[in-house]
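The values are calculated or read from the model by the stated rules, or taken from the named source; none is laboratory data. Note that the structure is a prediction, hence the values are computed from the model and not measured. Here the Cβ positions follow ideal geometry from the backbone for every residue, glycine too, while neighbour counts run over all protein chains shown.
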8 protein chains.
Amino acid sequence: MLNVYLSGEIHTDWRNQITSAASHLDVSFNSPVTDHDASDDCGVAIMGAEDQKFWHDHKGAKLNAIRTSKGIADADIVVVRFGEKYRQWNAAFDAGYAAALGKSLIVMHQDEHQHALKEVDAAALAVVKTPQQVVEILTYVLTGSLQKS
Amino acid sequence: MLNVYLSGEIHTDWRNQITSAASHLDVSFNSPVTDHDASDDCGVAIMGAEDQKFWHDHKGAKLNAIRTSKGIADADIVVVRFGEKYRQWNAAFDAGYAAALGKSLIVMHQDEHQHALKEVDAAALAVVKTPQQVVEILTYVLTGSLQKS
Amino acid sequence: MLNVYLSGEIHTDWRNQITSAASHLDVSFNSPVTDHDASDDCGVAIMGAEDQKFWHDHKGAKLNAIRTSKGIADADIVVVRFGEKYRQWNAAFDAGYAAALGKSLIVMHQDEHQHALKEVDAAALAVVKTPQQVVEILTYVLTGSLQKS
Amino acid sequence: MLNVYLSGEIHTDWRNQITSAASHLDVSFNSPVTDHDASDDCGVAIMGAEDQKFWHDHKGAKLNAIRTSKGIADADIVVVRFGEKYRQWNAAFDAGYAAALGKSLIVMHQDEHQHALKEVDAAALAVVKTPQQVVEILTYVLTGSLQKS
Amino acid sequence: MLNVYLSGEIHTDWRNQITSAASHLDVSFNSPVTDHDASDDCGVAIMGAEDQKFWHDHKGAKLNAIRTSKGIADADIVVVRFGEKYRQWNAAFDAGYAAALGKSLIVMHQDEHQHALKEVDAAALAVVKTPQQVVEILTYVLTGSLQKS
Amino acid sequence: MLNVYLSGEIHTDWRNQITSAASHLDVSFNSPVTDHDASDDCGVAIMGAEDQKFWHDHKGAKLNAIRTSKGIADADIVVVRFGEKYRQWNAAFDAGYAAALGKSLIVMHQDEHQHALKEVDAAALAVVKTPQQVVEILTYVLTGSLQKS
Amino acid sequence: MLNVYLSGEIHTDWRNQITSAASHLDVSFNSPVTDHDASDDCGVAIMGAEDQKFWHDHKGAKLNAIRTSKGIADADIVVVRFGEKYRQWNAAFDAGYAAALGKSLIVMHQDEHQHALKEVDAAALAVVKTPQQVVEILTYVLTGSLQKS
Amino acid sequence: MLNVYLSGEIHTDWRNQITSAASHLDVSFNSPVTDHDASDDCGVAIMGAEDQKFWHDHKGAKLNAIRTSKGIADADIVVVRFGEKYRQWNAAFDAGYAAALGKSLIVMHQDEHQHALKEVDAAALAVVKTPQQVVEILTYVLTGSLQKS
């Protein structure tokens, strides 16, 4: 059985594409909270409001770290997707965190970001462009078969 | 003695500001190669040209990783500066890598990036805006004194 | 599934409040022995009486450490509650032990102890006042939902 | 050579008693910042004021953690002194942190706190009452000699 | 659930006394091969005879180490019994091995060996004389109850 | 239960001989992909063709490393077979990797390679010639019995 | 300062080429014993003769492992050279050992072995053909300069 | 430079034989306190008398553990000598402790104890009978030379 953590971009349905296409495989998926508002506000919603945006964000980011750090620590494979928009520094942070723990890293991005992501790609065991490729990799790693799913 | 690794943005002289202002302290500084061209081309310059940009970058990024991974592994404190421009995913990658190794993390950035860097800041022991603040922190950590240097 | 260790104050029913309110969640709870007399006397009850109070306590504390060290080592999250009374140095000891192992730390205390607990709070990913807040955090970490349970 | 970290109570001169009596030994001593005001205010002094006492303390405690975590990580022996006053939860936190890292722990306190500190004492390799006893232990560990210094 | 490894003396039925008295507890027991002849000859029986006693023993001891090292690595608690006869250096070796891995160590021996075993006892969380005491400890650690089983 | 990883030579049916003869034992076996063509071409099949043989192989070898590294990391015992043909440097690499992680290593080869494999054999807990011997070792480690299966 | 371990082929003077060309750099080099006869016979020369070639080699290989394991453990960078002749399984073993410890790996070999070494190359941060390239890499890693030495 | 810890028997001058014969080598030697009376009584001499022999010994053994654990942790090589007399369980404990930490282990004993020490010998990289052989090993490991010193 493989434990796979799906980190990074949360504005498209790439996680669903992977998990539904891989539903027949012996894989357990985990991911960050992908409800953008909940993720931003969880800290103050549970522990009380803050006047300063910095501390508002700080409380939320630490709460999310409880889930994220367990998700990465439990994973055999960490997939990190960089989307077309936003800075996505948390995605790169997760990639570095996973690399330091010796996790197998798969990075997903389009060609336009190739140069900017060269250090992240260099730490990866696979660099792909589509969710389908991730499913093919998981299929191959688990079954040894290259037949397209 | 403190080992400090200065990661991140390479287009301003922030490293020099820190190292010269801290020259009287018992600190050993390390940093990535900050010669942009050398950093980009080191792989092919030493190990031979590549037709594909991806592999050109890959060879260079891996070579730089020899220096970077040692710099972070040897450090007590990792300072990561996010500048005003560029994606700087390698800076965030280094921050995640350092956090997973349990290094003391200091993050430097301006207010405009506060929300985008909230997960990185949440892993840090200090968030600052200027090289001078880094020097004050190093002074305090080593000497216990808050007198401005 | 989350493994949660509930450390600290043993004179109120805060553990029961958490475990019953979280009974629908996929959480496994562990805790120290909360029977105060058993906890104090376990060593001499099993291994023989001691003339000196120091060794009486020593035998018991070491026996309890078998349970405590496993509870913390197995945990994803360690919750440490500081009550209104007593020195509770073992609670702070557990918090330091958990922090050094990289566990996600949640600290629970009232405002009156805020300054005295600042170092412990600084190592935590969440600081709360009530058992209900712990349940909300566990709910959020597991489900991504902020709806009050 | 022994690296010794002197943690805990900062209101008496016990550290000076140890370091001056042990000045002829091959020991390197480290300790937290013992200037109470600097320790409390370092965060806001360097990184800017906070309206909330919690965040004022939080910034300071994290900055102090840079020094403390290095001091403990570098140590062969961690001495933790519990004084007669105050809650001293940071002392117990340091003791737990040191124990989890497998450091040799020496605890110093008077008889009145024996029962409250039984879990901390149980993790220690020595429990003493005076700075002089710490010096005798360091002398013995380094030289094998029991002659009083 | 507790994983317990029962190391040491193999000439009395102490393991059976513990496992049958603890059969109602949520404990998984492991132990070395206790068939003395099989343990001595396993190496040459499977991998071929040796002329030299040293290599005969060497092959067997290494084969047994496959079982022993897994048993200790998987254990929460390692119980080491020193009997009345023989040198039992492998028992002390297992105790040292377990201590270095941070396992909870319980040592069982009679008073006559107290002085000779003082270093081993000093690394233990409990020192007992009878299998019944081990069962009482396991009962207490799992249930918090001191009622005799 | 034992986790066993079967590394090395992929041109004979030695893995089948072991797994079928050991089917009655509580052992979970894992192995690399043994379909030679799939193993060679998996990288380019999923992630796109390469002009250079080096990068063709590189992509495949990294993809296979996802499976291999998990297989070894999860294993209690790593069996490495060196066949009569080919360089088999990946087998020796796996043996070194397993040894550094402290895995119990069993090496299988014929006499002709004894001198060339002396460093690998020196890191092993057993050196054998046949799949049947591996089954006898697994039987002995699990059951303590030397009866031939 | 860099610690570099030079593993692998011992029949050409590649180590001398590196160490003399890098003599002006802040590098400390270590290597296995390269006196072939001493390396083969060290075990029996010091600890007594053996009738069986297997044990003759075994004693020597273990003695060499004292030096090799320290050399790799102390290294920042492990360079492994595969020559044109012999099986060189110990070189591949060292590469796997270094990779599992997270060392920066540089592999040196000619094109003819490219396919057979693809798994080893995939674990490396640089793949080179000549000692001169190793010196250029060390120069770049230490100084950031690509000027040929 | 090699760090060598000399554990075990304290009634003959074997340590002196090694350290004087190896005085020209780049080796740093450490050892337990070999003054038998000081070693037995250090605990009560510094921390106060005990009525019970068990606690008298306990205090001393824990104090000695401060020195012993550092000595082994700092060592590259741990030499453990088993003499002709006494149980020497602390020697076997040190050997197990060193083995679990991955230290290179050299065991010294005469033939009469070969069978009783087979598990300890199986964990060693060298088994010798004389101090002179230890010096020859250290010479070979450091210099690669087999010339008798």
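How many residues does the range C:108-137 contain that are among the aliphatic types (A, V, I, L, M) and in contact with a Lys or Arg (Cβ under 7 Å, 6 or more places away or on another chain)?
Taking the range C:108-137 and keeping what is among the aliphatic types (A, V, I, L, M), we get C:108, C:116-117, C:120, C:122-128, C:134-135, C:137.
So of that shortlist, the ones also in contact with a Lys or Arg (Cβ under 7 Å, 6 or more places away or on another chain) come out as C:108, C:116, C:122, C:125-126.
Summing the residues that are among the aliphatic types (A, V, I, L, M) and in contact with a Lys or Arg (Cβ under 7 Å, 6 or more places away or on another chain) in the range C:108-137 gives 5.
Could you tell me which of the residues G:Ala49, G:Ala38 is closer than 13 Å to H:Val141 by Cα and small (Gly, Ala, Ser)? Please lay out each step first, then the result.
Details: G:Ala49 fails: closer than 13 Å to H:Val141 by Cα.
After applying the criteria, what remains is G:Ala38.
Output the residue which, of all residues in the range F:122-139 that are assigned to a strand (DSSP E or B) and out of contact with any Asp or Glu (no Cβ under 8 Å at 6 or more places or on another chain), is surrounded by the most Cβ atoms within 10 Å (Cβ to Cβ). I'd like the intermediate steps shown before the answer.
Applying the first criterion (assigned to a strand (DSSP E or B)) to the range F:122-139 yields F:126-128.
Going one step further and asking which of them are out of contact with any Asp or Glu (no Cβ under 8 Å at 6 or more places or on another chain), we end up with F:126, F:128.
Details: F:Ala126: 25, F:Val128: 20.
Of everything passing the filter in the range F:122-139, F:Ala126 is surrounded by the most Cβ atoms within 10 Å (Cβ to Cβ).
Assuming C:His11 fulfils every condition listed in (1) at negative phi; (2) at pLDDT 95 or above apart from one, which condition is it?
For C:His11, the failing item is (2).
Determine whether G:Ala92 is facing chain F (nearest Cβ under 7 Å) and without any contact (Cβ under 8 Å) to a residue 12 or more places away in the chain.
Numbers: facing chain F (nearest Cβ under 7 Å): yes; without any contact (Cβ under 8 Å) to a residue 12 or more places away in the chain: no.
In short, no.
Being basic (Lys, Arg) and facing another protein chain (nearest Cβ under 7 Å) is the filter here, so list the residues in the range C:105-134 that pass it.
Quick first cut of the range C:105-134, residues basic (Lys, Arg) only: C:118, C:129.
If the condition is that a residue be basic (Lys, Arg) and facing another protein chain (nearest Cβ under 7 Å), then C:Lys118 is the only one that fits.
Give me the pairs: first residue in the range A:19-43 and in contact (Cβ under 8 Å) with a residue 40 or more places away in the chain and within 16 Å of A:Glu9 (Cβ to Cβ), second residue charged (D, E, K, R) and part of a helix (DSSP H, G or I), beta-carbon distance under 6 Å, and six or more apart or on different chains, which are they?
If the second residue must be charged (D, E, K, R) and part of a helix (DSSP H, G or I), the pairs left are A:Ser31/A:Arg15.
For the range G:89-101, which residues satisfy the criterion of being within 12 Å of the chain's Cα centre (by Cα) and either among the acidic types (Asp, Glu) or surrounded by fewer than 24 Cβ atoms within 10 Å (Cβ to Cβ) (or both)?
Hit for the range G:89-101 is G:Asp94, nothing else.
The conditions are (1) of a type outside the set (S, T, N, Q); (2) more than 7 Å from every other protein chain (Cβ to nearest Cβ); (3) in contact (Cβ under 8 Å) with a residue 24 or more places away in the chain, and H:Ile137 fails exactly one of them. Which is it?
(2)
All but one of (1) among the aromatic types (Phe, Trp, Tyr); (2) within 8 Å of chain D (Cβ to nearest Cβ); (3) more than 21 Å from D:Ala95 (Cβ to Cβ) hold for C:Tyr97; state the number of the condition that does not hold.
Among (1) among the aromatic types (Phe, Trp, Tyr); (2) within 8 Å of chain D (Cβ to nearest Cβ); (3) more than 21 Å from D:Ala95 (Cβ to Cβ), the lone unmet condition for C:Tyr97 is (3).
Restricting attention to the range B:69-82, and to residues there that are touching a Gly at 6+ places or on another chain (Cβ under 9 Å) and of a type in the set (Gly, Ala, Ser), which single residue is nearest to the other protein chains (Cβ to nearest Cβ)? It would help to see each step written out before you state the result.
Filtering the range B:69-82 down to residues touching a Gly at 6+ places or on another chain (Cβ under 9 Å) leaves B:69, B:73, B:78-82.
From the residues that got through so far, the ones that are of a type in the set (Gly, Ala, Ser) too are B:69, B:73.
Working: B:Ser69: 6, B:Ala73: 8 Å.
Restricting to residues being touching a Gly at 6+ places or on another chain (Cβ under 9 Å) and of a type in the set (Gly, Ala, Ser), the top hit is B:Ser69.
When you check B:Leu142 against the structure, is it surrounded by fewer than 20 Cβ atoms within 10 Å (Cβ to Cβ), farther than 17 Å from A:Lys62 by Cβ, aliphatic (A, V, I, L, M) and more than 7 Å from chain A (Cβ to nearest Cβ), yes or no?
Values: surrounded by fewer than 20 Cβ atoms within 10 Å (Cβ to Cβ): yes; farther than 17 Å from A:Lys62 by Cβ: yes; aliphatic (A, V, I, L, M): yes; more than 7 Å from chain A (Cβ to nearest Cβ): yes.
In short, yes.
Look at the range B:48-71 and say how many of its residues are in contact with a Leu (Cβ under 6 Å, 6 or more places away or on another chain) and closer than 20 Å to A:Lys129 by Cβ. It would help to see each step written out before you state the result.
Step one: filter the range B:48-71 for residues in contact with a Leu (Cβ under 6 Å, 6 or more places away or on another chain), giving B:62, B:65-66.
Add one more test, that the residue is closer than 20 Å to A:Lys129 by Cβ, and what stays is none.
Residues meeting the conditions: 0.
Take the residues in the range B:40-57 that are within 11 Å of chain A (Cβ to nearest Cβ) and surrounded by fewer than 22 Cβ atoms within 10 Å (Cβ to Cβ); name whichever of them is farthest from the chain's Cα centre (by Cα). Step through it out loud before you land on a result.
Step one: filter the range B:40-57 for residues within 11 Å of chain A (Cβ to nearest Cβ), giving B:40, B:43, B:52-57.
Filter once more, so that each one left must be surrounded by fewer than 22 Cβ atoms within 10 Å (Cβ to Cβ): B:40, B:52-56.
Numbers: B:Asp40: 17, B:Gln52: 28, B:Lys53: 25, B:Phe54: 24, B:Trp55: 25, B:His56: 23 Å.
So the residue we want is B:Gln52.
Restricting the search to the range F:105-121, which residues are over 19 Å from G:Ala95 (Cβ atoms) and either in a helix (DSSP H, G or I) or in contact (Cβ under 8 Å) with a residue 40 or more places away in the chain (or both)?
Correct list: F:Met108, F:Asp111, F:Glu112.
For the range E:1-39, what are the residues that are of a type in the set (A, V, I, L, M) and either surrounded by 18 or more Cβ atoms within 10 Å (Cβ to Cβ) or under 21 Å from E:Ala98 (Cβ atoms) (or both)? Spell out how you get there, then give the answer.
At the first step, the residues of the range E:1-39 found to be of a type in the set (A, V, I, L, M) are E:1-2, E:4, E:6, E:10, E:18, E:21-22, E:25, E:27, E:33, E:38.
Hits for the range E:1-39 are E:Met1, E:Leu2, E:Val4, E:Leu6, E:Ile10, E:Ile18, E:Ala22, E:Leu25, E:Val27, E:Val33, E:Ala38.
For the range B:6-37, which residues satisfy the criterion of being of a type in the set (Phe, Trp, Tyr) and touching a Ser or Thr at 6+ places or on another chain (Cβ under 6 Å)?
Within the range B:6-37, B:Phe29 is the sole residue that qualifies.
Based on what the data block shows, is F:Ile66 without any contact (Cβ under 8 Å) to a residue 12 or more places away in the chain, in contact with a strand residue (DSSP E or B) (Cβ under 8 Å, 6 or more places away or on another chain) and at the interface with another protein chain (Cβ under 7 Å from one of its Cβ atoms)? Spell out the reasoning first.
Details: without any contact (Cβ under 8 Å) to a residue 12 or more places away in the chain: yes; in contact with a strand residue (DSSP E or B) (Cβ under 8 Å, 6 or more places away or on another chain): yes; at the interface with another protein chain (Cβ under 7 Å from one of its Cβ atoms): yes.
It is true that F:Ile66 is without any contact (Cβ under 8 Å) to a residue 12 or more places away in the chain, in contact with a strand residue (DSSP E or B) (Cβ under 8 Å, 6 or more places away or on another chain) and at the interface with another protein chain (Cβ under 7 Å from one of its Cβ atoms).
Kindly provide the set of residues from the range A:1-16 that are assigned to a strand (DSSP E or B) and among the β-branched types (Val, Ile, Thr), ordered by number.
To start, the set of residues in the range A:1-16 that are assigned to a strand (DSSP E or B) comprises A:2-8.
Answer for the range A:1-16, where residues must be assigned to a strand (DSSP E or B) and among the β-branched types (Val, Ile, Thr): just A:Val4.
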